[in-house]
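S.K.: Below: one structure in structure tokens.
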Amino acid sequence: MKKSKFLLFCLAVILSACENSDVKQTQTIEFEEIPPQQLRDGFLQLQAKSSSGLPVSYGSWDTTIAVIENDKIQFLQAGVVDIIAYQQGDEQFYEAPQITQQLIIRDWDPNKKTQTISFDLPAEWRLSQDGTAVALKATASSGLPVSFVLSSKEYASLSTTYLYFYHAGENGTSSNVAYNTRIFITASQSGNDEYNPADNVTKSIHVVGDVFH
């Protein structure tokens with residue numbers, strides 16, 4: 001009888017330990033692609049988010065090119081460097097899987113030509129009226145191709161020169177995630193042997209008003 005009670009006690013301890021080990025929740029980090037930057041701009045504010053709401057920390061894989069100070073990337077010289085976003089967790093959340101994005105820093109050459117970007121984007125977009133895709137129209141004065149970077153891939157995606165909004169049932173969603181959302185897109189041109197990189201141009205589009213099904 002005593003042996004049976006002892007075994008039951010041991011089982012209770014094991015079950016309690018298992019339950020305690022499952023108290024923590026998982027978390028993820030949203031850290032989007034970084035558009036090419038110019039050395040003369042000096043820094044870039046980082047805006048990664050964790051699903052837990054806990055603050056995200058950052059690291060630079062090459063501190064001779066860029067360093068992190070107060071959630072800002074400080075540019076030290078031209079080059080390419082990986083920037084890592086991480087969240088170590090706490091008593092409620094496990095450590096989040098780390099996310100790495102590549103940062104390209106371009107220098108300004110006084111012997112090269114300058115160029116600018118012209119970027120037109122509708123300020124407002126209604127899904128049921130305008131559809132789920134909008135053409136991105138941007139040109140560089142140099143004639144070189146312009147590339148785009150999306151602020152968040154939670155609500156939309158880029159396909160060549162089109163911005164495509166997610167709607168009900170897509171991207172694992174049960175509702176229209178693009179409903180009443182402001183999305184930012186950055187147009188950039190990195191230059192070549194003849195032209196310096198253009199200043200980035202960022203525009204936003206407000207998806208509002210109605211639901212597309």
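The values are calculated or read from the model by the stated rules, or taken from the named source; none is laboratory data. Remember, predicted model here, so these are calculated numbers, not experimental data. Neighbour counts run over all protein chains shown; Cβ positions are idealised from the backbone, glycine included.
S.K.: What number goes with the only condition from (1) aliphatic (A, V, I, L, M); (2) without any contact (Cβ under 8 Å) to a residue 40 or more places away in the chain; (3) in contact with a helix residue (DSSP H, G or I) (Cβ under 7 Å, 6 or more places away or on another chain) that I105 does not pass?
M.R.: (2)
S.K.: Residues that are within 15 Å of the chain's Cα centre (by Cα) and under 13 Å from Q98 (Cα atoms): does the range 64-79 have at least one?
M.R.: no
S.K.: Taking the condition of being part of a loop (DSSP other than H, G, I, E, B) and closer than 22 Å to T28 by Cβ, how many residues in the range 65-79 meet it?
M.R.: 1
S.K.: Would you say A96 is in a strand (DSSP E or B) and either of a type in the set (G, A, S) or touching a Cys at 6+ places or on another chain (Cβ under 8 Å) (or both)?
M.R.: Taking the combined requirement at face value, the residue does not satisfy it.
S.K.: If you check G89, G143, which single one turns out to be at positive phi and modelled with pLDDT under 95?
M.R.: So the residue among G89, G143 that is at positive phi and modelled with pLDDT under 95 is G89.
S.K.: Which one of E95, E33 is of a type in the set (D, E, K, R), surrounded by 12 or more Cβ atoms within 10 Å (Cβ to Cβ) and either within 20 Å of I185 (Cβ to Cβ) or in contact with a Lys or Arg (Cβ under 6 Å, 6 or more places away or on another chain) (or both)?
M.R.: E33
S.K.: Would you mind finding the one in D62, D82 that is surrounded by 14 or more Cβ atoms within 10 Å (Cβ to Cβ), assigned to a strand (DSSP E or B) and among the acidic types (D, E)?
M.R.: After ruling out the rest, the residue left standing is D82.
S.K.: Please find, within the range 154-169, the residue that is modelled with the highest pLDDT out of those that are over 16 Å from the mean Cα position of the chain (by Cα) and small (G, A, S).
M.R.: Across the range 154-169, the extreme among qualifying residues is S159.
S.K.: Here is a follow-up. Given (1) of a type in the set (G, A, S); (2) under 24 Å from the mean Cα position of the chain (by Cα); (3) within 23 Å of T202 (Cα to Cα); (4) modelled with pLDDT under 95, where does G131 come up short, assuming only one miss?
M.R.: The single condition G131 does not satisfy is (2).
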